[in-house]
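Some notes on the structure that comes next.
The values are calculated or read from the model by the stated rules, or taken from the named source; none is laboratory data. Predicted model only: the values in this text are computed from it and were never measured. Neighbour counts are summed over all protein chains in view; Cβ atoms, including those assigned to glycine, are modelled from backbone coordinates with ideal geometry.
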There are 2 protein chains.
Amino acid sequence: MLELAILGLLQETPMHGYELRKELVTKLGTFRAAISYGTLYPTLKRLQTAGWITESESDPSMIPPMTSKRGRVVYKITAEGKERFADMLAQAGPETYDDAGFGVHFAFFSRTDRATRLRILEGRRRRIEERREGLREVLSRAGERLDAYTLELQRHGLDACEREVRWLEELITNERSGRAPATPGSLDLPADPAGDAPPVSPRPHEDRP
Amino acid sequence: MLELAILGLLQETPMHGYELRKELVTKLGTFRAAISYGTLYPTLKRLQTAGWITESESDPSMIPPMTSKRGRVVYKITAEGKERFADMLAQAGPETYDDAGFGVHFAFFSRTDRATRLRILEGRRRRIEERREGLREVLSRAGERLDAYTLELQRHGLDACEREVRWLEELITNERSGRAPATPGSLDLPADPAGDAPPVSPRPHEDRP
DNA sequence: TAGCGATGTATCGGGCCGATACATCGGGGT
DNA sequence: ACCCCGATGTATCGGCCCGATACATCGCTA
């Protein structure tokens with residue numbers, strides 16, 4: 001999962017570890033609060049060994065105050081890495097239905113085709129529905145056996161499931177009708193006719209302010 | 001965390017691994033969907049080696065159809081185990097503020113004193129508030145840099161945080177006024193005057209139907 | 001010039017997961 | 001009578017990821 005995230009971020013611009021972690025927080029907010037360095041650096045090495053990323057010669061992050069070179073290592077994605085990234089997105093199976101996997105994939109939805117998006121969204125919904133049913137069954141079958149706190153915990157969980165299913169449902173219908181997720185400031189797209197292109201792509205990247 | 005959960009469950013009745021896992025699902029619903037056997041069995045051994053649990057001689061789960069003995073191993077908690085469990089509940093620190101830890105501790109709140117409950121609840125609230133602020137900042141600072149899907153993900157996350165804070169707030173005020181969590185069927189307690197005893201204890205355990 | 005907080009890379013031990021293997025029990029089909 | 005199958009049950013292995021920790025440098029302020 002982390003591999004996918006790193007590959008995805010490096011697709012937009014080269015970065016070093018520290019920066020990567022920050023971007024991860026920005027992109028994956030809830031679903032993966034913060035990636036530990038104890039995972040990040042070994043993973044970077046793994047990706048490098050595999051040939052998906054390489055150390056970048058020039059350090060593009062030499063911005064405003066930064067002048068001297070320190071021990072930083074800036075990585076950039078390779079052609080094989082891009083290939084790999086695309087594969088991972090397209091192959092997306094059941095791992096993408098659990099919390100962590102879903103979050104990462106969803107964050108890169110704008111780089112996926114509609115069919116894949118729908119597959120993931122529906123799988124995720126299915127998964128949450130199962131969890132919801134499980135909770136309902138527990139509450140109705142074992143309810144009187146549980147203490148007040150446990151009951152409260154389950155009820156809160158059930159509520160969260162119901163909300164998430166509704167959220168997913170909305171996303172799915174939007175997706176089917178060819179719309180990007182409804183942005184309150186509404187940058188609704190004109191229902192792209194090809195029906196397979198990512199609905200909104202971020203500005204590719206511009207230098208940090 | 002798993003250790004605490006196992007100790008907590010065995011406190012109520014002896015069990016074997018398979019059964020333990022089911023109870024775990026029942027008690028921890030959302031926060032720890034299912035415990036993998038690959039974790040459970042090694043942990044049981046660890047607990048046994050440490051002396052917190054022992055293999056039970058008589059197999060109390062020889063109920064209705066079950067007659068012959070199979071390879072099952074029924075564990076029961078030891079005196080040291082009970083001590084350890086109480087310690088872990090009382091010492092509860094920051095680990096109990098993240099998702100997994102909080103769920104497990106909350107599920108055993110009825111075995112904790114009020115001071116500990118409040119400490120955990122408030123720590124958890126703090127944690128979620130921080131997460132919430134992080135998301136708000138991302139949305140306001142980096143919002144226009146992100147694509148529609150990522151934005152939607154963050155908004156959904158923010159919403160979940162806000163709900164959870166409200167939920168925790170309610171629990172905290174209830175706790176301060178000496179009430180158990182409000183049960184719709186309302187088994188509200190009469191605001192226990194000692195103020196330190198668990199508000200609702202589950203029926204200790206009765207044979208499965 | 002000394003200290004401090006942010007930046008930055010790296011390792012280690014340990015918890016937990018998913019896949020897998022293997023064995024037994026009870027019930028249903030043929 | 002036979003056999004297969006799904007639920008029950010225990011166990012191991014490789015691998016991801018986390019938290020703690022260590023160490024070094026930069027730029028600012030006292």
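Details
- Condition met for A:Gly101 (within 30 Å of A:Glu164 (Cβ to Cβ) and either of a type in the set (Ser, Thr, Tyr) or at pLDDT 85 or above (or both)): yes
- Test for A:Thr67: is it among the β-branched types (Val, Ile, Thr) and modelled with pLDDT of 90 or more: no
- Residue match in region B:138-148 (condition: within 24 Å of A:Cys161 (Cβ to Cβ) and at pLDDT 90 or above): no
- Any hit, region B:95-118, residues being over 12 Å from the mean Cα position of the chain (by Cα) and aromatic (Phe, Trp, Tyr): no
- One residue from B:Arg125, B:Arg155, B:Arg166 being touching a helix residue (DSSP H, G or I) at 6+ places or on another chain (Cβ under 9 Å), more than 25 Å from A:Lys27 (Cβ to Cβ), modelled with pLDDT of 90 or more and surrounded by fewer than 21 Cβ atoms within 10 Å (Cβ to Cβ): B:Arg125
- Within region A:12-22, the set of residues being at pLDDT 90 or above and either among the charged types (D, E, K, R) or within 18 Å of A:Gly103 (Cα to Cα) (or both) comprises A:Glu19, A:Leu20, A:Arg21.
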